[in-house]
Structure formats: structure tokens, C-alpha cells
1. How much solvent-accessible surface does Phe20 expose, in Å² to the nearest 10, with a 1.4 Å probe and all protein chains in place?
2. Would you tally the net charge around Glu110, using a Cβ to Cβ cut-off of less than 13 Å, leaving Glu110 out, and scoring K and R as +1, D and E as -1?
3. For the range 41-102, what class follows from the C-alpha gyration tensor (a ≥ b ≥ c being the square roots of its eigenvalues): rounded when a/c is under 1.5, otherwise prolate if a/b is larger than b/c, else oblate?
4. Could you please put Thr46, Thr99 in sequence from largest to smallest accessible area, using a 1.4 Å probe?
5. Run the 1.4 Å probe and let me know the accessible area of Val73, rounded to the nearest 10 Å².
6. For the range 64-69, what does the Karplus curve 6.51 cos²θ - 1.76 cosθ + 1.60, with θ = phi - 60°, yield as ³J(HN,Hα) per residue in whole Hz, taken in order and with x for Gly and Pro?
7. When Lys and Arg each count +1 and Asp and Glu each count -1, what net charge do the other residues less than 12 Å away from Glu91, Cβ to Cβ, add up to?
8. Determine the share of the range 48-112's accessible area contributed by carbon and sulfur atoms, expressed in whole percent, with a 1.4 angstrom probe.
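The values are calculated or read from the model by the stated rules, or taken from the named source; none is laboratory data. Quick caveat: nothing in here was measured; it's all calculated off a predicted structure. Virtual Cβ from ideal backbone geometry, glycine too; neighbours counted across all protein chains shown. The area values use the complete protein model at the heavy-atom level, side chains included, leaving out ligands, DNA and RNA. Shrake-Rupley method; radii C 1.70, N 1.55, O 1.52, S 1.80 Å.
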Amino acid sequence: MSSEMYQSPMEVAVYQLHNFSISFFSSLLGGDVVSVKLDNSASGATVVAIDNKIEQAMDLVKNHLMYAVREEVEILKEQIKELVEKNSQLERENNLLKTLASPEQLEKFESQLSLEEQATPVATNSPEQDAGSAV
């Protein structure tokens, strides 16, 4: 449909905006392009119809994004749960190893740690990093 059948620049602009908006939102949603035939006799009603179509398309995009965000949140919650369980397991294992180690073994381990710390540049650790350390 060409824009030549419209008499005023406003009608042409509304027609072009309509085509762009519907094409854009349809491409985002992967759907077919929906077209609305514009009529010179009902340009006011046509603008309202176009606004309604744009609003519907925006609602579809919003719903799609909300669904995607909810899905991602569920995935992240599951990952956090798994990491908390793994951290708890490692802390229990670390505590068990500390209780089973002899004082000589602990002293040797601590001296190795202090030598490693002297050999590497000093890095400032945040409290979150220190909380997850093995010893």
C-alpha cells in the first residue's frame, strides 16, 4: 500500500509510523506483520486504532520480557541454592580435616600459606572473599 493516497503530510506520517511500529514489534515477537488499512474518511479513528495496535504490541513485548526475567530469576535461584549447598559441604569437609590433622600438620600448612602469601603480591580481599576461604 503506498502513501500517495493520503492528502495531508500528517496522514502520510501516521501511515508510515503505523507500518514501522507494527513491523518493529512484530519482528521482536517473531510474528507476522499486521497491517491496518488506513482510510481518509476516518483519520481520527485510524489514529486511535493505530495507537491501540501499538499499545497491544507493547503489552506483548512487556509480557514476553517479564516471562523471560521470571525464568532467569528461577534459574539463578536454583544456582544460588546449589552453590550454598556446595559451600556448606566444603565448610563441613574443611572443619573435619582440621579436626583430624595433627598440630604438626597444621603448623606446616600454615607456614606454607604464609610463604605463598609473601611470594604473591598483596591483594585486598573483600569480606565476601574471605568468608569463602578453605582454611
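1. Per-residue accessible area (Phe20): approximately 130 Å².
2. Result for the local shell: -2.
3. Prolate.
4. Largest to smallest exposure gives the sequence Thr99, Thr46.
5. The value for Val73 is about 60 Å².
6. 4, 5, 4, 4, 4, 5
7. Net charge in that neighbourhood comes out at +1.
8. It is 59 percent, rounded to a whole number.
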